[in-house]
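The structure appears right after this line, and notes come after that.
The values are calculated or read from the model by the stated rules, or taken from the named source; none is laboratory data. These numbers come from a predicted model, not from an experiment. Ideal geometry is used to build each Cβ from the backbone, glycine not excepted, and the neighbour counts take in all protein chains shown.
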Amino acid sequence: MGLFGGKKTDVIEVAEAQRQREQQEIEQEFLRGITTLRDTIAPSSLEIQSAYFRLGTRYGRTLYVYGYPRQIYTGWLSSIINLDEVIDVSMFIYPVESQVVLNNLRKKVTQLEASMSINSEHGRVRDPALEAAIQDAEELRDQLQVGAERFFRYGLYITLYGDSLDEINFIQHKVETILGQQLVMSKVASSQQEQGLNSTVPQMTDQLQIRRNMNTGAISTSFPFTSADLTQEKGVLYGINMHNNGLVIFDRFSLENANMVVFAKSGAGKSFTVKLEALRTMMMGADVIIVDPENEYQRLADAVGGSYIRLSLNSQTRINPFDLPRVIDSEDADDALRANLVTLHGLLRLMLGGSQMAANGAIMPALAPSEEADLDQALIDTYARVGITSDPLTHNSVPPTINDLYDTLLHMGGSGPQLAQRLRKFTTGTFAGIFSQQSNIDINNAMVVFNIRDLEEELRPVAMYIVLSHIWNTTRSETKKRMLIVDEAWQLMKYDDSANFLFSLAKRARKYYLGLTTVTQDVEDFMSSKMGRAIVANSSMQLLLKQSSSAVDVLSDVFKLTEEEKKRLANFPVGQGLFFAGQNHVHLQVIASPTEQGLITTNPQQSRMMQQPLQNYADQQPDGATNY
C-alpha cells in the first residue's frame, strides 16, 4: 500500500507540473498576441499639447460640453453625428439613486423659496429665472416621486481629427456653430487633451469627468441614432439619404403593397425620378407599363427596345373596352364578366358626360336610375348576342364592341334609343374608330408606353380609363412582377367613375404582383378628392418633391410633417424631396449616372448632347421595339 501510494503521489506531481507548464505557455502566447495587436494599431508617435494632440501625422482636439438650454428638442445631436467630418463622440451616463436626488432637490427648493421671500420682503423686482428654477425643481420632484423619471449624470465629449491645425480649427468652428445654434455650450479641454483622447477612444474610461445632471426625458433627447435608414439588401437605388449620405436602396415589392404616389410641382423632377425608377426596376426583371399623357417616355422606350403605342384618332391603334381577361384563377374566372360589366358602367358614365356638380353643391349623376338599369340590361344582352354569358367556358368568344352596344340600345325600349344617340359620337361620330373596334395591340414586352398626348382634351380621361382597364385585364391574365405608372393622374381624379377605378387598381394590385405608381402635379385637386386620399392611404411609398406654397399645407396635414419639413418642402432644389416607405421617411437626393441621365432627361440641350450615344445604345438592343 505504501509503494502504491508513493507512485500515485508522483503521478499527481508530474501532472501538476505539466499543467503549470501549459498554463505558462498559454499566458506567454496571450501576452505575445497582445503586444503584437498593440504594435499593429498604435500610431508611430503620440505628441500631447495643451490645446491639441498629434497621432502620427494626424492632429486631434477634444471638446467637452458643459452647458445646455432649459429646453432642447429630440435628435439635437444627430446633426453632429451625421457631420461629414472625422469625429469621435463619447457619452457617459451614470445613474443616480432617486432618493439622493429627492433630498438634494428638497434642500434646493427650500433655498430658492427663501431667496424669493427675501426678494419680496425687500421690495425687489421679481426674478423670472428664479421662478422658473423653482417650477422645474418641483415638477422633477413630482416625477421622481412617482417613478415617472430617473436621474443621471451625463458627460459628452467630442474629439476632432484633421490633417493640420487649420483644418482642426475649421472643424471646431463648424461643431461649435451647430451646438451654439441650439444653445449647447462647449469648450476645448485645455491641458487635458490626453485625458480627452482616452475618454473618446473605445475603452470606456471617463478621465475628463465633466458631467451635467439630467433626468430621463432630457437625456433621451441625446440618443445618437435618430437618422432614418431605408437601405435594404436588395432593391433599386432611389438616391442618396441626405441625413447621413447613405444609399436609399429599397424593394417596393417587400412592403404590404407595392404602390407609390409622387407629388411635385412642374419642373421639380417627378418624371425624371419615375423614369429612373422604371429603368432600374426593369433591370431587376420586372415589366414596366406607362400611361404617358405628354410624350415624355418615348426616348426611354426606344432605348430599351420597348413598345411605344400612340393613341390618337388618326392612328391605327385599337383598344376594345369589351375585352374580357383570360383569367387563370378559377375564382376570378367565374366573376370576370361581372367585373368587366362594372368597369364598363363606369366607362360609359364617363363617356356620357361624367358626374357633374349642381348649383347647390350636390353631385348630379350622368345617368338617371332608369337609364342605369336600361344600360345594365343592354350590356348583358350585348355580350349574350355574341355567345358570352357568366359561364367561363364562353369567355373565349370574340367580344362585342361599342357598335354592338349602340345597336342593342337603339332597338330596345325605355331610354335605350336616347342612350344610343348620346353614344353615337363614339361609334359613327367624331370619336369613332379608336375604341369601337376589336383590339389590335399586344403589350407582351418588358416596357410598354401608351401615349395619349395627341388625343383631344375631352377624350383623354376616357382613353386613360380604357387603357388602364386593358392593362388590368392583362395583369389578371398572367401574374408576374409588373410596375404600372400613371402620369398626370389628376386627369382621372376629376371624374368620380375614373377616380373610383384608379382606387380599385390601387387596392387590388398587390394580389397580382403589380405596383401602381401615381404621379401628379395638381396636389390640391388630387387630395381634395375622397378617392385621392384613399389612393394615398393604399400606397406604402410616397415621394414628395418640391411643392407650391398652397400645396405644402395640404400635404403637411396628410403626412404629419414637422415645421422644418414644411419649410424644406417648398424650397427643395430639383431632384430632392421627402421619401416615405412604410413608417420611415428620409430626405432624398435623386442621382442618375451619365448614361441614365441621357436616357431619361427632358432637357432639350442635354437631349441633343446625348442623341448620338443613345442611337448607338439603341442599335445594340435586340429587335422587338414597336412603334404605333
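Results for (1) touching a helix residue (DSSP H, G or I) at 6+ places or on another chain (Cβ under 8 Å); (2) hydrophobic (A, V, I, L, M, F, W, C), shown as yes or no for each residue.
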site: F263; (1), (2): yes, yes
site: A278; (1), (2): yes, yes
site: A301; (1), (2): no, yes
site: L313; (1), (2): no, yes
site: R318; (1), (2): no, no
Scan of region 507-518 for residues that are surrounded by fewer than 23 Cβ atoms within 10 Å (Cβ to Cβ) and in contact (Cβ under 8 Å) with a residue 24 or more places away in the chain, ordered by number: K507, A509, R510, Y512, Y513
Qualifying residue in region 518-529 (condition: modelled with pLDDT of 90 or more and out of contact with any Cys (no Cβ under 7 Å at 6 or more places or on another chain)): yes
Only listed residue being at pLDDT below 90, surrounded by fewer than 24 Cβ atoms within 10 Å (Cβ to Cβ), outside any helix (DSSP H, G or I) and of a type in the set (D, E, K, R), chosen from D332, D323: D323
Residues being more than 16 Å from the chain's Cα centre (by Cα) and buried (at least 19 other Cβ atoms within 10 Å of the Cβ) - total across region 532-551: 3
Matching residues in region 195-224 - criterion: being touching a residue at least 60 places away in the same chain (Cβ under 8 Å), assigned to a loop (DSSP other than H, G, I, E, B) and under 29 Å from L102 (Cβ atoms): D206, L208, I210, R211, T221, S222, F223
Flag if V65 is surrounded by 11 or more Cβ atoms within 10 Å (Cβ to Cβ), of a type in the set (A, V, I, L, M, F, W, C) and in the same structural domain as F170 (by TED's automatic domain parsing): yes
Per-region count, region 375-415, residues over 17 Å from S439 (Cα atoms) and crowded, with 19+ Cβ neighbours inside 10 Å: 9
Considering residues of region 68-97 that are of a type in the set (D, E, K, R) and within 19 Å of V201 (Cβ to Cβ) only, the residue surrounded by the most Cβ atoms within 10 Å (Cβ to Cβ): D88
Test: residue in region 552-570 that is surrounded by 13 or more Cβ atoms within 10 Å (Cβ to Cβ), within 18 Å of N244 (Cα to Cα) and of a type in the set (F, W, Y): no
Pair list, Cβ < 6 Å and 6+ apart or interchain, from region 426-443 residues that are modelled with pLDDT of 85 or more to residues that are of a type in the set (V, I, T) and in a helix (DSSP H, G or I): F426/I402; T427/I402
